[in-house]
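Engineer: One structure follows; several queries about it will come next.
Bear in mind that the values in this text are calculations on the coordinates, not laboratory data. Please read these numbers as outputs of a predicted model, since none were measured by experiment. Cβ coordinates were reconstructed from backbone atoms using ideal geometry, including for glycine residues, and neighbour counts include every protein chain displayed.
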Amino acid sequence: MTNRNEEILLEVKNLSTYYQQGQGLLFTSKKQKQVCKEISFSIKRGEVVGLLGESGSGKTTLAKAITGITRNHTGEISLYCNRPQMIFQDPYGSLNPAKKVLWTLEEPLRIQGNSSKALIRKKAFEMLEQVGLERKIAERYPSQLSGGQRQRVCIAEALMLDPKLLIADEPVSALDVTIQAQIIRLLLKLHRDRNLSILFISHDLRVIYQMCDRALVMRDGQIVEEGEVSTLYSHPTHAYTRQLLEAAGISQ
Amino acid sequence: MGKLTARLEEWKKKPFLLRIGLIMTGISIFFIFVGIFVTPYDPEAMDASSKLAGISFKHIMGCDNFGRDVFSRVLKGSATTLFIATGTIGIGITGGILIGAFAGYFGGVLDELLMRINDAALAFPSVLLALVLISLFGTGKYQIILSMGIAFIPSFARIVRGEFIRYREMDYVQQAKLIGAGSFRIMFVHILPNTFRVLVSSILIGFNNAVLAEAGLSFLGIGVQPPDASLGRMLSEAQAYLFSRPGYALCVGGTLIFIILGFSFSGEGIGRKV
Amino acid sequence: MTLLEIKHLNIEFHDHLIPETVVFDLNLQMEEGEIVGIVGESGSGKTMTALAVAGLLPRHGMKKTGEILFDSRNLLFCDRKVLRTYQGREIAMVFQEPMTSLNPVKKIGWQVEESLKIHTDLSEEERYSRVVQVLQDVELKNPEEIYHKYPHELSGGMRQRVMIAAAIVCNPRLLIADEITTALDVTIQDQIIKLLLKINKATKMGILFISHDLSLIRRICNRVAVMKDGYLVEEGLTDQIYQNPIQEYTKRLIAAVPKCEKISLEEEEV
Amino acid sequence: MKFIIKKAASLLITLVFVSLLVFLSFEFIPGDPASSLLGTQATPEKVEALREEMGLNRPTLVRYLDWSSGFIRGDMGTSYSYHIPVKEMVGGKVPITLALTLLSFCFTVMIAIPLGIYMAKHAGGRLDSFLGVLNQIMMAVPAFFAGILLTFFFGLVLHWFTPGGFVSYEVNLGKFFSYLILPAIAIAIPKSAMTAKLLRGSILEQSELDYARTAYSRGNSTNDVLWKHLLKNAMIPVITFLGMVLADMIAGSIIIEQVFGIPGLGRILLTSIANRDYPVVQAIIMILAIAVNLINTIVDIIYHQIDPRIKYQ
């Protein structure tokens, strides 16, 4: 697959993100805390890249910087495709509880404003089918769905705008193992069928192994190691990677 | 028929307090509404022969010191009170949503500035703030609405702001940003509907407070001016005849409590549904 | 010697319109000093079982039948006063969320010491030295300093260590660990597991380890019970179950555990 | 200590802000104080002379600085209506309103805290439900109506006191307080109902949290869990609320003073509003604002002492 897809979709150069501690006019001095430190990497078309790290390592911050949700950063983020979309960890917080599934699915195209209502609806139902949900789900509220169903709806919503790059931030961590496996398969299938690039963020080394071609290991805002998953797992060079593999009981 | 039983089932599922509250509020609003068109007597008509008459079939709440029928005046007064409360809440909630939404959603310097003003205003009890504003705007029905409305904005703004701060970091709001929704769309289409339950509850509690505040101001004589009747004003008149005709004060006060209880039960019931 | 015996345990909730049974006819036995795992997905009834053993089920709105025998006394139906003499002294429990499970306005020392205050006649100095000792046992550095700290000043891993310290301070014979590593990072998880194994070895404390994570269970437990929808599906030695699962559900559960293998989509369509 | 200094500075800034608002809002009132002072005798020359004398022709900012610095020194200006220093009119009334407010606050705390704890302990029981409804009704009773009822019952039926009677604190301190008891109760009734309800809810909310379960798992009895674990946490929102209640009582006392005929700050405020006697209104509003903000600051400091989490945010 590497020959066909040499085209780079995302290139990050020397990215540092900042977090403001205490905002205020009076007394509270603004403190800038650096979260990501001088990060560089790239993602090619059709590639699944894993981002591995523990809590507080800056994974989510990095994702939010790439998608443009937060803008407090220095360095370069070059995108050679449409705006990447994102799936979040908590399937209970990522769907608007006040809106029906259909409304949520239609919203991205409604905001774009250049498709007819009928067309939008048609596409929403197509997308529901693609993520393996029944049509009747469309009329439900998020509170009436299971965790796995919600995560599928989130994936459908993210794909409504046909992004070339999808950022999945711990999309299976909050789910039961059997559901986890289903969602992973779904993502892999979408990757295959749509030639979708995925930046897959997780703390679970095994899931990363299953999903990804390449992985980045992140610690305290820095990428400590990067490489093909198979080589990375069999021949870790950085001590932290070794420690992670050992803690997860994968020693080869 | 089936539809009716279904409705009844749904009604029975609602919390007990909410049901009681809605019934009480319904009764109050029904009487007040009818009172706008028909009252047993002309609320202004004085009758020297029945000055301070007691409770009887002719005058179910008796008569006041000018011989006016208290029941008719209570109907009229409740209507004024409710009208003022509605106006007050209208102004308060509109201002509160605008200020709270902007401050909560955008945060930062705007939030700091708006909330500092808000806190300074909130530091005053709303009745006191309304008093100050009345001394600026003068007395009269509409001035009262304006004064109380402004005085109620800070508390609503604070509630709305809290809700917006809670929701702005939610993943679905981040998601909305990603699909290209503008700030206004996110604020009023994505976030606002989620605050409705809290808003409805605080509106009902606000009604309760507005009725109390209006009655308090009118009681002090700086609220509604004659010839408009108001429950608070009637209570202050009734206080003078407390010994000779305690029924007068009790009837007026009872009505006031009934109306307030309706709102507070409903607000409480809705809050408890969560 | 048998430490704990659960016989025909049924737990039914009656706080909604329709009664909901969360545990059906559960039988489980545990030897002194043994580490037994209960594994299952959310809603399988594993936490309810743990709470029942710890005597922490709500007293109203539910129906319980069966027996939980500890020291040949049925803890499920004994007097609250008797139960309290076991709680914290003989049976202790550690929970999933170390942040919310500690009282936010009390100092660490106070919270670790509490069981000693309730169950022993130790003097203040004796209690203090025991608390410092136990904080050291759970591998916390500077126990004297930590004694005077509040929960929010510690990291997640440290808080969970404090929870364990508070649980083992009276040397209980049974420690119930309910998903205690779920909220923690992998490296911290690893450390906590090693700590539990060390404690078990040193004090012969029985551990009832509840988790959804099969790979963790495999590392720590001699025996495991698999639960689903309130039923005990399969029970036996961990290695045996892992290698030769009998029940269909167990097979599926083991198959679903992410392994270091690539998934081929052709095998089974989504 | 750093926190207290920070809070004190914040209080100062808020007060400057409030004083600016109070001063400016009275600037924009239609009508000229000089001409209204002169009333029917007003001629353009006389008005102009008086304006000059009152300093009304100077720029707003200068007059604000003048007014605020005067206020700090204790010079609150001169009443338009009575032509005497505002300080003389207002000064003697402050202790009366203060006493009334504090007395009501004490009653509220004394009633609400035990009641709230009792209701939480017996939550779900018959007495709790009954008290819950009773509480809801009490909350709906306006303080002034409660005052009227109390006057009627204790004054006119039982003859325990003379309605409308009052003894100054300078004459007889004991009698002074005895006349404040009923008004204080009238204010305290709805407030203690609200506080008790909040405390009950807060305790129950805490009892659902994980740490309560932890406490039970160590062998604590229900009582021990309540007193040793839940109460301190549950009091945190209650303290904030009590701060608001205290501020609210200052406003409430204005109305209650009217019902019981107590010559406190409220009385003068009302007559001054009616007479458009703005220096007096401004002064009273400022006094109340200072009191309210002081209370808020104290509550913040107490809050800070109780909840260790705040220090690290």
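Engineer: Please name whichever of D:S19, D:P95, D:L199 sits farthest to the positive end of the charge dipole of chain D, dipole taken about the Cα centre and charges placed at Cβ: Lys and Arg +1, Asp and Glu -1.
Structural biologist: D:L199
Engineer: Report the calculated FRET efficiency for A:Q144 and B:I36 (r = Cβ-Cβ distance, R0 = 51 Å), to the nearest 0.05.
Structural biologist: On the way: r = 43 Å, r/R0 = 0.85.
Step by step, r from the Cβ atoms, then E = 0.70.
Engineer: Same structure again: Compute the acute angle (0 to 90°) between the alpha-carbon long axis of helix D:126-140 and the principal axis of greatest extent of the alpha-carbon atoms of chain D; round to the nearest 10°.
Structural biologist: 10 degrees
Engineer: Just the Kirkwood number for the protein assembly as shown, please: inverse of mean 1/r across all distinct Cα pairs, in Å, one decimal. Show your work: numbers first, answer last.
Structural biologist: On the way: mean 1/r = 0.0294 Å⁻¹.
Computed over Cα pairs of the protein assembly as shown, the Kirkwood hydrodynamic radius comes out at 34.0 Å.
Engineer: Just to check, using Stokes-Einstein with a Kirkwood Rh over alpha carbon pairs, what's the diffusion coefficient of segment C:26-90 at 25 °C and 0.890 mPa s in µm²/s? Intermediate values should be presented prior to the final figure.
Structural biologist: On the way: Rh = 13.1 Å.
Value of D from the Cα-based Kirkwood radius: 187 µm²/s.
Engineer: What is the Cα radius of gyration of segment A:90-162 over 2.2 N^0.38 Å, N being its residue count? Mind showing how you got there, number by number?
Structural biologist: Working: Rg = 11.2 Å, N = 73, 2.2 N^0.38 = 11.2 Å.
Compactness ratio reported: 0.99.
Engineer: Can you list the aspartates and glutamates whose alpha carbon sits under 19 Å from that of D:K197, skipping same-chain ones fewer than 8 residues off?
Structural biologist: B:E268, D:D128, D:E205, D:E208, D:D248
Engineer: Also, I was wondering about something else. How big is segment D:127-189 by Rg and Dmax over its Cα atoms, in Å?
Structural biologist: In order Rg, Dmax, the Cα atoms of segment D:127-189 give 14.3, 46 Å.
Engineer: How many Cβ atoms of partner chains, on average, are near each residue of B:255-266 if near means within 10 Å of its Cβ? Present the calculation step by step, with values, prior to reporting the outcome.
Structural biologist: Details: counts 0, 5, 5, 1, 1, 6, 5, 1, 1, 4, 4, 0.
So the per-residue partner count for this stretch is 3.
Engineer: Here's another thing I want to ask about it. When the scattering of segment A:23-171 is computed by the Debye formula from its Cα atoms alone, each counted once and equally, what is log10 I(q)/I(0) at q = 0.14 Å⁻¹?
Structural biologist: These q points yield log10 I(q)/I(0) values of -0.80.
Engineer: Expressed as an acute angle from 0 to 90° and rounded to the nearest 10, what is the orientation of the C-alpha long axis of helix C:124-137 relative to the principal long axis of chain C?
Structural biologist: With both axes taken from Cα atoms, the answer is about 40 degrees.
Engineer: Put a dot 7 Å past each Cα toward the Cβ at D:A123 and A:S16; how far apart are the dots in nm?
Structural biologist: 5.0 nm
Engineer: How long are the semi-axes of the ellipsoid equivalent to segment B:148-187, from square roots of 5 times the Cα gyration tensor eigenvalues, in whole Å, largest first? Let's see the in-between values first.
Structural biologist: Values: eigenvalues 148, 25, 3 Å².
Result for segment B:148-187: semi-axes of 27, 11, 4 Å.
Engineer: Charges only on Cβ, +1 for Lys and Arg, -1 for Asp and Glu: so what's the dipole of segment C:25-144 about the Cα centre, in debye to the nearest 20?
Structural biologist: Working: 15 positive and 19 negative charges, 135 e Å.
Value, rounded to 20: 640 debye.
Engineer: To the nearest whole number, what is the average tally of beta carbon atoms from other chains within 10 Å of the beta carbons of peptide A:103-113? If you can, show how the numbers build up before the last one.
Structural biologist: On the way: counts 1, 5, 0, 0, 8, 6, 1, 4, 7, 2, 1.
Taking the mean over all residues of the peptide, I get 3.
Engineer: Treating the beta-carbon of each Lys and Arg as +1 and of each Asp and Glu as -1, no other charges, what is the dipole magnitude of the protein assembly as shown about its Cα centre, to the nearest 20 debye? Walk me through the intermediate numbers first.
Structural biologist: On the way: 113 positive and 104 negative charges, 234 e Å.
About 1120 debye.
Engineer: Another question, then. Report Rg/Rh for segment D:224-313, rounded to two decimals, where Rg is the Cα radius of gyration and Rh the Kirkwood radius. The partial results should precede the final answer.
Structural biologist: Working: Rg = 18.2 Å, Rh = 15.5 Å.
Taking Rh as the inverse mean 1/r over Cα pairs, Rg/Rh reads 1.18.
Engineer: Counting every Cα pair in segment C:137-223, what percent are over 16 Å apart?
Structural biologist: Values: 1950 of 3741 pairs.
Above the 16 Å cut-off, segment C:137-223 has 52 percent of its Cα pairs.
Engineer: So, one more: Quick one: compute a quarter of the convex hull surface over the Cα atoms of segment C:92-248 and quote it in nm². Could the numbers behind the result be given before it?
Structural biologist: Details: hull surface 40.3 nm².
The orientation-averaged projected area of the Cα hull of segment C:92-248 comes to 10.1 nm².
Engineer: Could you order peptides B:113-120, D:135-142 by the average number of other Cβ atoms within 10 Å of their residues, highest first? Mind showing how you got there, number by number?
Structural biologist: Numbers: B:113-120: 17.4, D:135-142: 21.0.
Highest-to-lowest ranking by the protection proxy: D:135-142, B:113-120.
Engineer: Now for a different question. Using a simple spin-label model with points 7 Å from Cα along the Cα→Cβ vector, what separation in nm is obtained for A:R242 and D:M1?
Structural biologist: Simple spin-label model gives 5.0 nm for this pair.
Engineer: When a/c reaches 1.5 or more, the comparison of a/b and b/c decides; with that in mind, is chain C rounded, prolate or oblate per its Cα gyration tensor?
Structural biologist: The shape class here is oblate.
Engineer: Work out the FRET efficiency for B:I60 and D:S25 from their Cβ-Cβ distance, taking R0 = 56 Å, and round it to the nearest 0.05. Present the calculation step by step, with values, prior to reporting the outcome.
Structural biologist: On the way: r = 45 Å, r/R0 = 0.81.
Calculated value: 0.80.
Engineer: With an 8 Å cut-off on Cα pairs and a minimum separation of 6 or more residues, tell me the relative contact order of segment D:94-263 in percent. Numbers along the way, then the final one.
Structural biologist: Values: 173 pairs, mean separation 62.2, N = 170.
Dividing the mean separation by the residue count of segment D:94-263 yields 37 percent.
Engineer: Two decimals is fine: what is log10 I(q)/I(0) at q = 0.25, 0.26, 0.27 Å⁻¹ for segment C:96-171, from a Debye sum with one equal scatterer on every Cα and no solvent?
Structural biologist: Treating every Cα as an identical point scatterer, log10 I(q)/I(0) equals -1.19, -1.28, -1.38.
Engineer: May I ask for the distance between the Cα centers of segment D:117-145 and segment A:26-97, given as a whole number of Å?
Structural biologist: About 51 Å separates the Cα centre of segment D:117-145 from the one of segment A:26-97.
Engineer: Next question. Jot down the per residue volume, in cubic angstrom and as a whole number, of the convex hull over the alpha-carbon atoms of segment A:194-252. Let's see the in-between values first.
Structural biologist: Working: hull volume 5.1 nm³, N = 59.
About 86 Å³ per residue, rounded to a whole number.
Engineer: Taking the dipole about the Cα centre of chain A, with the C-beta of Lys and Arg at +1 and of Asp and Glu at -1, give me whichever of A:G53, A:A239, A:Q89 is farthest to the positive side.
Structural biologist: Most positive-ward Cα: A:Q89.
Engineer: Another one. Which FRET efficiency value, to the nearest 0.05, do you get for A:D162 and C:S155 by plugging their Cβ-Cβ distance into 1/(1 + (r/R0)^6) with R0 = 41 Å?
Structural biologist: Values: r = 42 Å, r/R0 = 1.02.
The computed FRET efficiency comes out at 0.45.
Engineer: Still on this structure, I have one more. Partner chain Cβ atoms within 10 Å, averaged over the residues of B:243-250 - can you pull that number for me? Working shown, then result.
Structural biologist: Details: counts 6, 1, 0, 6, 0, 0, 5, 4.
Going residue by residue through B:243-250 and averaging, the value is 3.
Engineer: In percent, how large is the relative contact order of chain D, given Cα pairs closer than 8 Å and 6 or more residues apart?
Structural biologist: It comes to 26 percent, rounded to a whole number.
Engineer: Is any residue of segment A:181-209 close enough, with backbone N under 16 Å, to a label point placed 7 angstrom from the Cα of C:E261 along the Cα-Cβ axis, and if so, which?
Structural biologist: It comes to A:181-182, A:185, A:206-209, nothing else.
Engineer: Shifting gears a bit: Among all the lysines, which ones have a C-alpha under 22 Å from A:K99's C-alpha, if same-chain residues fewer than 8 places away are not counted?
Structural biologist: A:K117, A:K122, A:K123, A:K136, B:K177, B:K273
Engineer: Quick one: what do you get for segment B:191-234 if you divide its Cα Rg by 2.2 N^0.38 Å? Each step should come with its number before you reach the end.
Structural biologist: Numbers: Rg = 14.8 Å, N = 44, 2.2 N^0.38 = 9.3 Å.
Dividing the Cα radius of gyration by 2.2 N^0.38 Å gives 1.59.
Engineer: Cβ neighbours within 10 Å, averaged per peptide: list C:62-69, C:51-58 in order, most packed at the top. Let's see the in-between values first.
Structural biologist: Values: C:62-69: 16.2, C:51-58: 19.9.
Most protected by this proxy first, the peptides run C:51-58, C:62-69.
Engineer: Using the per-residue mean of other Cβ atoms lying within 10 Å as a proxy for protection, in what order, highest first, do the peptides B:163-173, C:126-136 fall?
Structural biologist: Values: B:163-173: 19.5, C:126-136: 17.6.
Descending packing order for the listed peptides: B:163-173, C:126-136.
Engineer: Given A:K64/A:K100; A:K33/C:K106; C:K64/C:K201; C:K107/D:K6, which pairs have Cα atoms separated by over 32 Å? Before the final figure, lay out each step's value.
Structural biologist: Values: A:K64/A:K100 26 Å; A:K33/C:K106 30 Å; C:K64/C:K201 34 Å; C:K107/D:K6 26 Å.
Check vs 32 Å cut-off fails for C:K64/C:K201.
Engineer: On C-alpha positions alone, give me the angle between the axis of helix B:108-122 and the longest principal axis of chain B, in degrees, nearest 10.
Structural biologist: For helix B:108-122, the angle is close to 20 degrees.
Engineer: Express the relative contact order of segment C:96-171 as a whole percentage, based on alpha carbon pairs under 8 Å and six or more residues apart in sequence. Could the numbers behind the result be given before it?
Structural biologist: Working: 84 pairs, mean separation 37.0, N = 76.
Relative contact order of segment C:96-171: 49 percent.
Engineer: Across bins of 20 angstrom width beginning at 0, how are the C-alpha pair distances of chain D distributed, in whole percent?
Structural biologist: Answer for chain D: a P(r) of 26, 48, 23, 3, 0 percent.
Engineer: Between segment A:228-252 and segment C:131-150, how far is it from one alpha carbon centroid to the other, in angstrom?
Structural biologist: The distance from the Cα centre of segment A:228-252 to that of segment C:131-150 comes to 33 Å.
Engineer: For chain A, what is one quarter of the convex hull surface built on the Cα atoms, given in nm²?
Structural biologist: Details: hull surface 63.1 nm².
In nm², the orientation-averaged hull projection of chain A is 15.8.
Engineer: List the extent of the Cα atoms of chain B along each of their three principal axes, largest first, rounded to whole Å.
Structural biologist: Reported extents, whole Å, longest axis first: 76, 57, 29.
Engineer: Moving on. Under a plain spin-label model, where a point goes 7 Å from the Cα along Cα-to-Cβ, how far apart in nm are D:L102 and B:L8?
Structural biologist: Going from the D:L102 label point to the B:L8 one covers 6.1 nm.
Engineer: If you don't mind, another one. How much mean residue ellipticity at 222 nm does the protein assembly as shown get from its helices, if each DSSP H run of length 4 or more adds -39500 (n - 2.57) and you divide by all residues, to the nearest 500 deg cm²/dmol? Could the numbers behind the result be given before it?
Structural biologist: Working: 42 runs with 615 residues, N = 1109.
Per the formula, -18000 deg cm²/dmol.
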